[in-house]
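S.K.: Handing you a structure now.
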Amino acid sequence: MAGFIGRWLSDALRLGLPLVLALAAMQIPALAHGYSAALLQIVEDARRDIEQRKAAARRFYRGAGDEDQAVIAALRAVEPANAEALAASVERADALRAAHDRVAGAPPLLRPVTALLDAAEDPRGDKWAVLRTAFDTHAPQVVLSAAAAVYGLIGLVVGSFLAELLVSVFGAVFVSGRRARGTRFAR
């Protein structure tokens with residue numbers, strides 16, 4: 001009976017683990033898409049805030065132009081702290097826009113890799129925060145696309161390998177344990 005249950009568990013592991021890893025790997029392109037969409041949303045919100053701050057500066061200081069740098073230069077003379085805050089907002093919005101453009105411009109199969117590499121090149125930590133939020137708010141889904149199929153296939157192969165490795169390790173431990181018990185009782 002123990003042999004039957006052992007075979008059944010090993011077959012369940014060989015079937016279940018590859019399927020679970022395949023479905024998990026299929027989430028990777030959807031996560032990259034969520035990251036890209038979140039970047040775009042944050043950039044648009046930041047640009048609206050920047051435009052409102054520029055409009056306020058133009059109302060109070062007639063020398064402020066329409067360009068970001070012209071408004072920052074006009075503010076720097078009279079309100080240096082406000083100018084620095086506006087410059088930091090513009091820099092952050094530009095960096096996040098560039099990140100979105102890199103991810104969106106990459107081929108669909110490479111978008112997850114591009115997103116991860118781009119987030120890794122973030123000295124301020126803004127992109128990691130966006131990636132964490134995209135991960136935290138991600139709702140698992142099965143999207144049938146070429147990228148999801150490739151990642152799913154990779155997950156299936158890796159899961160199959162891990163399942164076979166686990167079954168082999170447990171089998172070897174179980175067999176050596178039985179041999180050790182058998183030699184102990186044989187004495």
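S.K.: Go through A115, A57 for me and flag whichever is of a type outside the set (V, I, T), crowded, with 17+ Cβ neighbours inside 10 Å, in contact with a helix residue (DSSP H, G or I) (Cβ under 8 Å, 6 or more places away or on another chain) and modelled with pLDDT of 90 or more.
M.R.: The match here is A115.
S.K.: Further question: If you check I50, I5, which single one turns out to be over 18 Å from F135 (Cα atoms), over 21 Å from the mean Cα position of the chain (by Cα), surrounded by fewer than 13 Cβ atoms within 10 Å (Cβ to Cβ) and among the aliphatic types (A, V, I, L, M)?
M.R.: Selected residue: I5, the only one of I50, I5 that is over 18 Å from F135 (Cα atoms), over 21 Å from the mean Cα position of the chain (by Cα), surrounded by fewer than 13 Cβ atoms within 10 Å (Cβ to Cβ) and among the aliphatic types (A, V, I, L, M).
S.K.: Something else now. When you go through (1) surrounded by fewer than 16 Cβ atoms within 10 Å (Cβ to Cβ); (2) under 24 Å from G125 (Cα atoms) one by one for P80, which number turns out not to apply?
M.R.: Tallying (1) surrounded by fewer than 16 Cβ atoms within 10 Å (Cβ to Cβ); (2) under 24 Å from G125 (Cα atoms), P80 fails exactly one: (2).
S.K.: Just name the residue that is farthest from L109 (Cα to Cα) out of those in the range 121-158 that are modelled with pLDDT under 90 and among the β-branched types (V, I, T).
M.R.: Here the answer is V142.
Let's see how each residue does on (1) of a type outside the set (V, I, T); (2) in contact with a Ser or Thr (Cβ under 6 Å, 6 or more places away or on another chain); (3) under 24 Å from Q27 (Cα atoms):
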residue	(1), (2), (3)
V90	no, no, no
G105	yes, no, yes
R124	yes, no, no
V142	no, no, yes
V150	no, no, yes
G155	yes, no, yes
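S.K.: Same structure, new question: Could you please give the count of residues in the range 91-108 that are touching a residue at least 24 places away in the same chain (Cβ under 8 Å), surrounded by 15 or more Cβ atoms within 10 Å (Cβ to Cβ) and outside any helix (DSSP H, G or I)?
M.R.: Within the range 91-108, residues that are touching a residue at least 24 places away in the same chain (Cβ under 8 Å), surrounded by 15 or more Cβ atoms within 10 Å (Cβ to Cβ) and outside any helix (DSSP H, G or I) number 0.
S.K.: Please determine, by comparing only the residues of the range 157-174 that are more than 23 Å from the chain's Cα centre (by Cα) and β-branched (V, I, T), which one is farthest from I28 (Cα to Cα).
M.R.: Filtering the range 157-174 for residues that are more than 23 Å from the chain's Cα centre (by Cα) and β-branched (V, I, T), the one farthest from I28 (Cα to Cα) comes out as V173.
S.K.: Being within 23 Å of P108 (Cβ to Cβ) and surrounded by fewer than 16 Cβ atoms within 10 Å (Cβ to Cβ) is the filter here; which residues of the range 159-170 pass it? Step through it out loud before you land on a result.
M.R.: Taking the range 159-170 as the starting set, the residues that turn out to be within 23 Å of P108 (Cβ to Cβ) are 159.
None - no residue of the range 159-170 is within 23 Å of P108 (Cβ to Cβ) and surrounded by fewer than 16 Cβ atoms within 10 Å (Cβ to Cβ), so the list stays empty.
S.K.: Mind listing whichever residues of the range 64-77 are of a type in the set (A, V, I, L, M) and surrounded by 13 or more Cβ atoms within 10 Å (Cβ to Cβ)? Even if it seems obvious, please write down each step before you answer.
M.R.: Restricting attention to the range 64-77, the residues satisfying the condition of being of a type in the set (A, V, I, L, M) are 64, 70-75, 77.
Those that are of a type in the set (A, V, I, L, M) and surrounded by 13 or more Cβ atoms within 10 Å (Cβ to Cβ): A64, A70, V71, I72, A73, A74, L75.
S.K.: Got at least one residue in the range 46-63 being more than 27 Å from V142 (Cβ to Cβ), in contact with a Lys or Arg (Cβ under 9 Å, 6 or more places away or on another chain), part of a helix (DSSP H, G or I) and in contact (Cβ under 8 Å) with a residue 24 or more places away in the chain?
M.R.: Applying the first criterion (more than 27 Å from V142 (Cβ to Cβ)) to the range 46-63 yields 46-63.
When the remaining residues are screened for being in contact with a Lys or Arg (Cβ under 9 Å, 6 or more places away or on another chain), the result is 46-47.
Going one step further and asking which of them are part of a helix (DSSP H, G or I), we end up with 46-47.
Going one step further and asking which of them are in contact (Cβ under 8 Å) with a residue 24 or more places away in the chain, we end up with 46-47.
Yes, the conditions are met somewhere in the range 46-63.
The values are calculated or read from the model by the stated rules, or taken from the named source; none is laboratory data. In this text the structure is predicted, and so the values were computed from the model without any measurement. We place every Cβ from the backbone using ideal geometry, glycine too, and count neighbours over all the protein chains shown.
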